[in-house]
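Written below as structure tokens is the structure these notes are about.
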Amino acid sequence: FNYVPPLVWIYVLNMIFCTVGMYDSEGCSAAYSALKNNLLYAMIFVMLLRCDIRKLAKLGGRMVAIFLGGAASILLGFIIAFVIFKNPLGGGETTWAAMAALCASWIGGSANMAAMEAAFTIDPGAYGCALAVDTVYYSVWIALLLIGVRYASKWDKAVKADTSKLQEIADAANEEVAKEKKHASASDWIFLIGLSLIVSVISQVAGAAINNGLCAIGLDMFGSATCVTLFV
């Protein structure tokens, strides 16, 4: 655990267990479909309870720059990989759309990948390979990122990155948590879980209504999931 964080083990071991057939994927799919969104939006709400949006807003420009820099590096990496591997993979005409969908997933998530599949005519075999790559390499990449967290200070020093403002917000948040910290009772957990699930339901209803309103005025690029997440 000193070298590989527990979260990485959870990711990798479950991926291995699923691959070797310990889970009945088809049997679990109905429960997964029913629970996924309800729990996802509830967890976003709980995660953000201690988040001070006003403090984060002060970092707006820097956060956008970080996102754009990360997106640009992903785009460049995919272009280079496409040029190198297009012929071994069956030719550029067959694989370009699948590569574009995979790139979209790494920048904006699986919803982006699905949107690209709807927008382009993608070879089914190439798209299936893209989905496999997205699942396996995403897990590996997340593992590397989490392992690299412990070396963040050395990296910041090497590239002369100024993280003082980010650290100020993190320290303030930690101080607030420590000041108000207490041991949760069973009733606290029941209340928090119940409240988060209620917020999840309300947000999904409101998000769908917002999405319908936006679609009516031609802003259908904002998907239902995006509207629900922003409402949460």
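The values are calculated or read from the model by the stated rules, or taken from the named source; none is laboratory data. What you see is a predicted model, and the numbers here were worked out from it, not measured in a lab. When we count neighbours, we look across all protein chains shown, and the Cβ atoms used for this are built from the backbone with ideal geometry, even at glycine. The area values use the complete protein model at the heavy-atom level, side chains included, leaving out ligands, DNA and RNA. Shrake-Rupley method; radii C 1.70, N 1.55, O 1.52, S 1.80 Å.
Between Val205 and Glu26, the FRET efficiency estimated from the beta carbon spacing at R0 = 30 angstrom works out to 0.50. Counting heavy atoms of the protein chains alone, Asp134 has an accessible area of about 20 Å² for a 1.4 Å probe. Take each peptide in 135-148, 34-47, count the other Cβ atoms within 10 Å of every residue, and average; sorted highest first, the result is 34-47, 135-148. Among the protein heavy atoms of the chain, carbon and sulfur supply 69% of the accessible surface, probe 1.4 Å, non-protein parts ignored.
Once you sort the root eigenvalues of the Cα gyration tensor of the chain as a ≥ b ≥ c, which label holds: rounded (a/c under 1.5), prolate (a/b larger than b/c) or oblate (the other case)? Rounded, because the longest to shortest axis ratio a/c is under 1.5.
Using Stokes-Einstein with the Kirkwood hydrodynamic radius over Cα pairs, what translational diffusion coefficient do you get for segment 174-231 at 10 °C and a viscosity of 1.306 mPa s, in µm²/s rounded to a whole number? Roughly 116 µm²/s, to the nearest whole number. Coupling constants for segment 132-137 follow from the phi torsions by the Karplus curve (6.51 cos²θ - 1.76 cosθ + 1.60, θ = phi - 60°), and in residue order they are 5, 4, 4, 6, 5, 6 Hz; glycine and proline get x. Projecting the Cα positions of Tyr127, Tyr23, Leu192 onto the charge dipole of the chain (unit charges on Cβ atoms of Lys, Arg, Asp and Glu, taken about the Cα centre) puts Leu192 furthest along the positive direction.
What segment 1-149 shows is 69 Å² of accessible area per residue, with the surface traced by a 1.4 Å probe over protein heavy atoms. Taking every alpha-carbon pair in segment 131-232 and binning the separations at 10 Å intervals from zero gives 12, 17, 25, 35, 11, 0 percent.
The listed residues Glu93, Glu168 rank as Glu93, Glu168 when sorted by accessible area, largest first, using a 1.4 Å probe.
What is the Cα convex hull volume of segment 120-164 when expressed per residue in Å³?
Measuring per residue, one finds 115 Å³ for the Cα hull of segment 120-164.
A Förster radius of 25 Å combined with the Cβ-Cβ distance from Ala161 to Phe1 puts the calculated FRET efficiency at roughly 0.40.
Placing R0 at 25 angstrom, the Cβ-Cβ distance between Thr121 and Thr226 gives a FRET efficiency of 0.50 after rounding to 0.05.
If I stretch the segment between Lys86 and Tyr151 completely, what's the gain in nm (0.36 nm per residue apart, minus their alpha carbon distance), one decimal?
Working it through step by step, the gained length comes to 19.9 nm.
Here's the picture: charge each Lys and Arg Cβ at +1 and each Asp and Glu Cβ at -1 in segment 131-232, and of Ser139, Gly213, Trp155 the one pushed furthest to the positive end of that dipole is Trp155. For segment 65-175, the mean projected area of the C-alpha convex hull, equal to one quarter of the hull surface, is 8.9 nm². Our note on the geometry: Cα centres of segment 96-160 and segment 25-82, 12 Å apart. Once the other residues with Cβ under 14 Å from the Cβ of Gly125 are scored (Lys, Arg +1; Asp, Glu -1), what is the net sum? That works out to -3. Averaging the inverse of every distinct alpha carbon separation and then flipping it gives the Kirkwood radius. What is it for segment 6-133, in angstrom units? Taking the inverse mean of 1/r over all distinct Cα pairs, segment 6-133 comes out at 17.9 Å.
Overall, segment 93-232 carries a charge dipole of about 460 debye about its Cα centre when +1 sits on the Cβ of Lys and Arg and -1 on the Cβ of Asp and Glu, all other atoms neutral. About its Cα centre, the dipole of segment 1-72 is roughly 600 debye, where the only charges are +1 on Lys and Arg Cβ and -1 on Asp and Glu Cβ. Ligands, DNA and RNA excluded, the heavy atoms of Cys51 present near 40 Å² of accessible surface to a 1.4 Å solvent probe.
Taking the Cα-to-Cβ direction at Ala178 and at Ile190 and moving 7 Å from each Cα, how far apart do the two end points lie in nm? With each label point 7 Å from Cα toward Cβ, the separation is 3.4 nm.
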